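The values are calculated or read from the model by the stated rules, or taken from the named source; none is laboratory data. Remember, predicted model here, so these are calculated numbers, not experimental data. Please note: Cβ atoms are built from the backbone with ideal geometry, for glycine as well, and neighbour counts cover all protein chains shown. Keep in mind that these areas ignore ligands, DNA and RNA; they rest on the heavy atoms of the full protein, side chains included. Shrake-Rupley method; radii C 1.70, N 1.55, O 1.52, S 1.80 Å.
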Amino acid sequence: SAVSLFAGVGGFDLALERAGVSVAAAAEIEPDCRSVLARHFARTALFPDVTKVTGDQLRAAGFDPRRGIVTAGFPCQDISVAGRRAGLAGARSGLFWHVVRLAGELRPRWLLVENSTGLLSSNSGRDMGTVVGALADLGYGVCWRVLDAAFFGVAQHRERVFIVGCAGDGATSVEVLLEPEGGGRDP
């Protein structure tokens with residue numbers, strides 16, 4: 001099962017369901033996005049505020065962390081090169097710390113975190129180090145990669161940083177994210 005934090009309109013949710021993984025719960029603050037999620041993922045428990053949801057609530061919604069996946073496309077406004085560049089200290093991008101809090105409470109087998117490539121340069125790269133370090137401190141073996149949506153059938157270039165963490169196992173994270181067959185059109 002999976003939990004989708006900062007779910008938006010359900011991009012990760014759709015991908016997970018297409019891969020045969022049920023999304024037990026999602027957290028999204030924007031009412032219009034929650035409306036889309038409710039319509040397309042009717043069996044998913046919706047929580048309106050990631051800052052208030054607890055690991056116990058996510059477990060009660062049906063999430064099994066032993067084999068589960070937590071996804072988090074946390075806000076990029078403070079990290080993006082088009083934003084104010086306040087980094088993880090910013091009010092919106094700083095919500096990343098709730099990903100860390102919930103991962104600590106749940107201890108899921110897998111984490112999948114996504115953000116703008118501005119994360120790599122935010123605060124001279126220190127914010128990326130902070131993200132990777134925080135996940136490693138929780139016991140996750142971490143791998144990251146920049147992927148461009150244009151190489152996966154989207155009609156625009158949109159580069160994003162994807163970070164995969166596997167509890168206690170860095171080699172498996174590498175195998176998942178750097179799978180050579182996963183992005184055949186990606187040079």
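Restricting to the stretch 6-42, name every residue that is assigned to a helix (DSSP H, G or I), within 20 Å of residue 113 (Cβ to Cβ) and either of a type in the set (Val, Ile, Thr) or in contact (Cβ under 8 Å) with a residue 24 or more places away in the chain (or both).
Passing the criteria: 11, 12, 13, 14, 16, 17, 33, 37.
Restricting the search to the stretch 43-94, which residues are in a helix (DSSP H, G or I) and open to solvent by 70 Å² or more (accessible area, probe 1.4 Å)?
56, 57, 59, 60, 89 - these are the residues of the stretch 43-94 that are in a helix (DSSP H, G or I) and open to solvent by 70 Å² or more (accessible area, probe 1.4 Å).
It is to be established whether one or more residues within the stretch 100-107 are open to solvent by less than 20 Å² (accessible area, probe 1.4 Å), in contact with a helix residue (DSSP H, G or I) (Cβ under 7 Å, 6 or more places away or on another chain) and free of Cβ contacts under 8 Å to residues at least 24 places away in the same chain.
Looking for residues that are open to solvent by less than 20 Å² (accessible area, probe 1.4 Å), in contact with a helix residue (DSSP H, G or I) (Cβ under 7 Å, 6 or more places away or on another chain) and free of Cβ contacts under 8 Å to residues at least 24 places away in the same chain, one finds none in the stretch 100-107, hence no.
Assigned to a strand (DSSP E or B) and buried (at least 21 other Cβ atoms within 10 Å of the Cβ): is that true of residue 113 in this structure?
yes
With the structure loaded, tell me whether residue 77 is within 17 Å of the chain's Cα centre (by Cα), within 20 Å of residue 97 (Cβ to Cβ) and polar (S, T, N, Q) or whether it fails that test.
yes
Hey, among 25, 38, which residue is open to solvent by 40 Å² or more (accessible area, probe 1.4 Å) and of a type in the set (A, V, I, L, M, F, W, C)?
Criteria check complete, one pass: 38.
Going by what's in this entry, would residue 3 be described as closer than 24 Å to residue 101 by Cα and assigned to a loop (DSSP other than H, G, I, E, B)?
So residue 3 fails the test.
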